[in-house]
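Enquirer: Please see the structure below; I have some questions.
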Amino acid sequence: MKLAIGNDHVAIEMKKEICVYLESKGIEVIDVGTDSPERFDYPISGYKVARLVADGKADGGVLICGTGVGISLAANKVRGIRACVCSDPYTARLSKQHNNTNIIAFGARVIGIETAKMIVDEWLNAEFEGGRHQKRIDMIHEIEETQHLEACEQ
Ligand code: RB5
């Protein structure tokens, strides 16, 4: 498995720890940065990770900024990306099982490293359940592609 990971200046230490953690599990990591303590615009790393996932060059992505919000918003603008911010392992697991998230995000100012590792574990170990959830994923995709939702026009 190969994961892409990206962060802003607020989350450098947590990103590094998560990289080590993932590699200790045998996961290949593509780290798009930043590693500079200079102020860094999170849409850059959000976009880079999203691009790698959307293009099939990574199996999934991990994004970390102060809250996880800005960086996930940026990633979600790339077609085919379903990124969500999680502060707890339960949401992380359900986000894969029900929403088939392909990027998980969290905030280095919000959670500690042990919670971050639990979130990553739950997300990685979960599987999309398909079935009724696929229809809703398809509806999200329809909004993304057409800026409309047929179900609202009936
Ligand atoms: C940076 O100050 C901060 O805005 C950023 O890390 C993130 O929390 C944005 O959503």
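The values are calculated or read from the model by the stated rules, or taken from the named source; none is laboratory data. Here the structure is a predicted model, which is why all the values come from computation and not from measurement. No Cβ is skipped: glycine too gets one built from the backbone with ideal geometry, and neighbour counts run over all protein chains shown.
Enquirer: Take region 91-115 and flag every residue that is over 21 Å from Ile30 (Cα atoms), over 13 Å from the mean Cα position of the chain (by Cα) and not in a loop (DSSP other than H, G, I, E, B).
Expert: The answer is Leu94, Gln97, Glu114, Thr115.
Enquirer: In region 21-41, is there at least one residue being within 19 Å of Thr115 (Cα to Cα), of a type in the set (Gly, Ala, Ser) and either surrounded by fewer than 24 Cβ atoms within 10 Å (Cβ to Cβ) or modelled with pLDDT of 95 or more (or both)?
Expert: The answer is yes; a qualifying residue exists.
Enquirer: Please identify the pairs in which a residue from region 1-26 that is away from the ligand (no atom under 16 Å from the Cβ) has its Cβ atom under 7 Å from the Cβ atom of a residue that is basic (Lys, Arg), counting only partners at least 6 apart or on another chain.
Expert: Tyr21/Lys117
Enquirer: Which ones in region 102-132 are basic (Lys, Arg) and away from the ligand (no atom under 16 Å from the Cβ)? If you could, list the steps in order and put the result at the bottom.
Expert: Keep residues of region 102-132 that are basic (Lys, Arg), which gives 109, 117, 132.
Scanning region 102-132 gives Lys117, Arg132.
Enquirer: Within 16 Å of the ligand (Cβ to nearest atom) and of a type in the set (S, T, N, Q), is that true of Asn99?
Expert: Values: within 16 Å of the ligand (Cβ to nearest atom): no; of a type in the set (S, T, N, Q): yes.
Here the answer is no, as Asn99 does not meet what is asked.
Enquirer: Now, a different point. Going by the conditions given, is Ile64 touching an Asp or Glu at 6+ places or on another chain (Cβ under 9 Å) and either at positive phi or not in a strand (DSSP E or B) (or both)? Please lay out each step first, then the result.
Expert: Details: touching an Asp or Glu at 6+ places or on another chain (Cβ under 9 Å): yes; either at positive phi or not in a strand (DSSP E or B) (or both): no.
Judged against the criteria, Ile64 is not a match.
Enquirer: Going residue by residue through region 44-58, is there one that turns out to be crowded, with 24+ Cβ neighbours inside 10 Å, within 16 Å of the ligand (Cβ to nearest atom) and in a strand (DSSP E or B)?
Expert: Checked against the condition, which is being crowded, with 24+ Cβ neighbours inside 10 Å, within 16 Å of the ligand (Cβ to nearest atom) and in a strand (DSSP E or B), region 44-58 yields no hits at all.
Enquirer: Continuing with this model, one more query. Here's a check for you: in region 63-75, which residue that is buried (at least 23 other Cβ atoms within 10 Å of the Cβ) and under 13 Å from Ile111 (Cβ atoms) is nearest to the ligand (Cβ to nearest atom)? If you could, list the steps in order and put the result at the bottom.
Expert: Filtering region 63-75 for residues buried (at least 23 other Cβ atoms within 10 Å of the Cβ) gives 63-65, 68, 71-72, 74-75.
From what is left, the residues that are under 13 Å from Ile111 (Cβ atoms) are 64-65, 68.
Details: Ile64: 9, Cys65: 4, Gly68: 7 Å.
Per the criteria, the residue is Cys65.
Enquirer: Still on this structure: What is the residue count in region 33-51 for residues that are more than 16 Å from Gly68 (Cβ to Cβ) and touching a Lys or Arg at 6+ places or on another chain (Cβ under 9 Å)?
Expert: Residues in region 33-51 being more than 16 Å from Gly68 (Cβ to Cβ) and touching a Lys or Arg at 6+ places or on another chain (Cβ under 9 Å): 3 in total.
Enquirer: Select from region 11-28 the residues that are closer than 23 Å to Val78 by Cα and over 14 Å from the mean Cα position of the chain (by Cα) and list them in ascending order. Show your work before the answer.
Expert: Of region 11-28, the ones closer than 23 Å to Val78 by Cα are 11, 15, 28.
Within region 11-28, Ala11, Glu28 qualify.
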